[in-house]
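One structure is given here, and the rest of the page talks about it.
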Amino acid sequence: MMTDTIYHQAGAATPIAGNDLETAFKAVGTRFGYDEVRVDYASYKEFKSTWRRCGTKISFEVSDYLRNAPLEVLVDFAHALYERIERRSSVCHYSDRLKAYLESDVFVGRNQATYVKRSRNLTRSPRGRHLDLRETYEALVARGMVPPSEGASLNWTRSENRMRVGYCSVLMRVVAISSLLDNEKVPDFVPEYVLYHELLHLDDGLSEGRRHHTPEFRLRERQHPQWRESEDWLKRLAARRVDLA
């Protein structure tokens, strides 16, 4: 019988048949001492995987955002998960090949719309009642504040959150800004600053650790000409000392 040979992150080769998710996870699983491996895709909103293990048996539910990934990418991803489990770590260390795929236009193009659809708090539009986030983004790019972020999805939130005024998915290139800032009583530089902050995260790309606001990031953040005024205004907003009625 003809077999494919898959090279995973460790550099060794394992001959296996087939080219799907189960094939990849079983092939890598044997290297880590598992003799029974079950794996399937799951429709999580975020890019995540879960697992259960008992002795030499293990089962996975893997984000369906990887459904159309190349076989070698699935093998690298399986290796990253098994290593994380073995180290009992909260962080997955991705191979260069896996990271390149996750940051590719192909991956984002296949999955961004699904991610936005699963994000129930997003309006799925940059156009608000008062501000258009696309225009704000273009102004930031024109002033050289941020590089162009091709394919970025800019959205207002449905809920008016005063504590979490902005967030993003670097993986999916999706930015969300609290609709509370889409108000004529809010100085325009405030939502611009919040959008600028999130675009800096997109520009930084994927991070394996959990520390995103590094000293280097803070230095870039403070290049916004009104960062101090914006931070002060947002603190007053969080403390409910701003009247937007």
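Details
- Loop sites in the range 103-196: GluC sites (Glu not before Pro), DSSP, at most 12 other Cβ within 10 Å: Glu150, Glu184
- Full-extension gain in nm, Arg87 to Arg220, via 0.36 nm per residue minus C-alpha separation: 44.5 nm
- When the listed pairs Lys26/Lys57; Lys26/Lys99; Lys45/Lys117; Lys45/Lys235; Lys117/Lys185 are checked against a 20 Å cut-off, the alpha-carbon distance exceeds it for Lys26/Lys99; Lys45/Lys235; Lys117/Lys185.
- Here is how the number arises for the chain: DSSP H runs of 4 or more residues each give -39500 (n - 2.57), the sum is divided by the residue count, and the result at 222 nm is -12000 deg cm²/dmol.
- Percent antiparallel among DSSP beta bridges (both partners in the chain, rounded to 5): 60 percent
- Separation of alpha-carbon centers, the range 58-124 and the range 184-216, rounded to whole Å: 23 Å
- Anisotropy class of the range 118-238 from Cα gyration tensor, a/c 1.5 cut: rounded
- With eigenvalues of the C-alpha gyration tensor scaled by 5 and rooted, the chain, Å: 41, 17, 17
- Net dipole in debye of the chain [+1 Lys, Arg Cβ; -1 Asp, Glu Cβ; about Cα centre; nearest 20]: 940 debye
- Choice from Pro191, Pro147, Pro225 with maximal GNM fluctuation in the chain (Cα, 10 Å cutoff): Pro225
- Farthest positive-ward along the range 103-232 dipole, Cα basis, beta-carbon charges - from Met163, Ala176, Ser119: Ser119
Every number here is computed from the coordinates shown, using simple stated rules; none is lab data. This one's a predicted model, so the numbers in the text were calculated from it and none came from an experiment. Here Cβ is always computed from backbone atoms with ideal geometry, including for glycine, and neighbour counts include all displayed protein chains.
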